[in-house]
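Only one structure is covered here, and it is reproduced in the block below.
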Amino acid sequence: MTPIDRRTFLMRALALGAAAPLAGCNYEDPAHPDLADRFLHMMSAWNDRVQAALFNPHTLAPTFRPDQITRPPRFNAYYSISDVVVVDPATWRLELGGQIRDKSPWTLAALNRLPQTHQITRLVCVEGWRVIGQWGGVPLGEFLRHVGADTNCRYVAFRCADQYYSSIDMASALHPQTLLATSFLGAPLTPAFGAPVRLRIPTKLGFKNPKSLVQLAVTNVYPGGYWEDQGYNWFSGS
Amino acid sequence: MQRSAPKRRAIHPWPLRLMHWLNALAIIMMIGSGWQIYDASPLFGFTFPPRVTIGGWLAAAIAWHFAFMWLLVSNGLLYVIWTLASGHYRKFLPLSPSSVVRDLRAALRFNLKHDLGIYNAVQKLLYLGVMFAGLVAVLSGLAIWKPVQLWFFCDLFGGYVTSRYVHFFAMTAICAFLAIHLMLVALVPKVLPPMITGGRQET
């Protein structure tokens, strides 16, 4: 197994344990799906295909004025703010894997030298609440082309310093508003909001915006995600 | 012209009965899972108790909601096509404000005659009203699901935030219809068997 496979396996096992107390519900045990679970998985896979077909690479997420930014910003993760993992930006590296020509790890300084862009967009949580924020960084599509990623691959997978993981489809990865974000509200990202680098993708729900990235891989093997493996729809496009 | 023996035909033809019960299933699943989804981020100062919600937690509720939306929408489209093609839509017409007032007064005095298969003005208004609420629920649902790709639906309702409220009130309207609908079936139980067996009326 490659390292990413081994970690995926470990995380799936952990996710399973986390889901176990939800007895009596659907998706209570992802490893042993009952008939209803299989039906829901089938429909979710169908909905992934419908959403991929609906996705228009030229449709932009709405942008907002600076005075519309939500203040104070809202912290959200699968753990509380006191458990945020603090990454040292000086020693931080982004490891690259999968179908990428140049897999040398990236430093924050190197990332900051690529062309930057900013956006004021809305982050919509799968729970229904939303916030408006300003993010800045490198368009993921530019980065992928820069490192020679095979953009014909189906997935871009992310792993985080806090053991979170997620993945997106290549079309959404190449969308002009999809960023490897390094700043939030005009300042470098803070640990609670994903320092030093997070994914910011306004064409998907909040949980598809992994924070504190440590690995990026381009692959044709379905990578899943922390919430996705527990039953949340994988595509989750907006 | 000589009269032949009276023909007897179904009060509710089979396509209507099939679509009615498929719709009932879809509506129950959509409302139950929708209440669970609402509970994850309530719009108002209350949540729906777990025993009336479907899914048990947010991921499953969303999965049920986005599975049964296909049944709701495809069944609804089939109904529209069928009602136009078969001429069934004429049962909802004509509908004048004065006839609604007249029949509503009669209904509130428990004085409204119920002929199987013939809609009085109050019924016409309620059925057309719930169809409109269903349409608004679907369109506002699409606005919440796809505020970027289907931005025109989002704009139609005044943005993402308003769309959530519109979706909620469309559900409320459907629930209000269901309460009246079920209450009337309880008051006039003879209307239930024809929706299952079809029933027979003389023509």
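Scan region B:62-70 and give yes if some residue there is more than 14 Å from chain A (Cβ to nearest Cβ) and out of contact with any Asp or Glu (no Cβ under 9 Å at 6 or more places or on another chain), otherwise no. No, because not a single residue in region B:62-70 is more than 14 Å from chain A (Cβ to nearest Cβ) and out of contact with any Asp or Glu (no Cβ under 9 Å at 6 or more places or on another chain). Scanning region A:27-40 for residues that are more than 8 Å from chain B (Cβ to nearest Cβ), surrounded by 12 or more Cβ atoms within 10 Å (Cβ to Cβ) and part of a helix (DSSP H, G or I) yields a total of 2.
Being hydroxyl-bearing (Ser, Thr, Tyr) and buried (at least 20 other Cβ atoms within 10 Å of the Cβ) is the filter; apply it to region A:185-218 and report the residue that is farthest from the other protein chains (Cβ to nearest Cβ). First the steps, then the outcome.
In the first step, residues of region A:185-218 are kept if they are hydroxyl-bearing (Ser, Thr, Tyr); the result is A:190, A:203, A:212.
From the residues that got through so far, the ones that are buried (at least 20 other Cβ atoms within 10 Å of the Cβ) too are A:203, A:212.
Details: A:Thr203: 5, A:Ser212: 23 Å.
Across region A:185-218, the extreme among qualifying residues is A:Ser212.
Quick one: in region B:163-186, which of the residues that are touching a helix residue (DSSP H, G or I) at 6+ places or on another chain (Cβ under 7 Å) and free of Cβ contacts under 8 Å to residues at least 24 places away in the same chain is farthest from B:Arg109 (Cα to Cα)? Ranking the candidates gives B:Ser163 first. Has region A:201-217 got at least one residue that is touching a Pro at 6+ places or on another chain (Cβ under 6 Å) and modelled with pLDDT of 95 or more? Within region A:201-217 (the criterion being touching a Pro at 6+ places or on another chain (Cβ under 6 Å) and modelled with pLDDT of 95 or more), the answer is no, since none of the residues qualifies.
Could you check region A:111-162 and list, in sequence order, the residues that are of a type in the set (D, E, K, R) and away from chain B (no Cβ under 14 Å)? Within region A:111-162, A:Arg113, A:Glu142, A:Arg145, A:Asp150, A:Arg154, A:Arg159, A:Asp162 meet the criteria. Considering only residues that are surrounded by 15 or more Cβ atoms within 10 Å (Cβ to Cβ) and free of Cβ contacts under 8 Å to residues at least 40 places away in the same chain, look in region B:71-94 and name the one that is nearest to the other protein chains (Cβ to nearest Cβ). Among those residues, the one meeting the criterion is B:Thr83.
Please state which one of B:Arg90, B:Arg51, B:Arg17, B:Arg102 is within 17 Å of the chain's Cα centre (by Cα) and either under 30 Å from A:Asp29 (Cβ atoms) or charged (D, E, K, R) (or both).
Matching residue, one of B:Arg90, B:Arg51, B:Arg17, B:Arg102: B:Arg17.
I need the full set of residues from region A:148-164 which are among the hydrophobic types (A, V, I, L, M, F, W, C) and in a strand (DSSP E or B), in order please. Matches in region A:148-164: A:Ala149, A:Val156, A:Ala157, A:Phe158, A:Cys160. Listed by position, the helices (runs of 4 or more DSSP H) enclosed by region B:97-183 that each have at least 1 residues that are away from chain A (no Cβ under 14 Å) and crowded, with 19+ Cβ neighbours inside 10 Å are B:97-108, B:121-145.
The values are calculated or read from the model by the stated rules, or taken from the named source; none is laboratory data. Please read these numbers as outputs of a predicted model, since none were measured by experiment. As a convention, Cβ positions derive from the backbone with ideal geometry for all residues, glycine included, and neighbour counts pool all protein chains shown.
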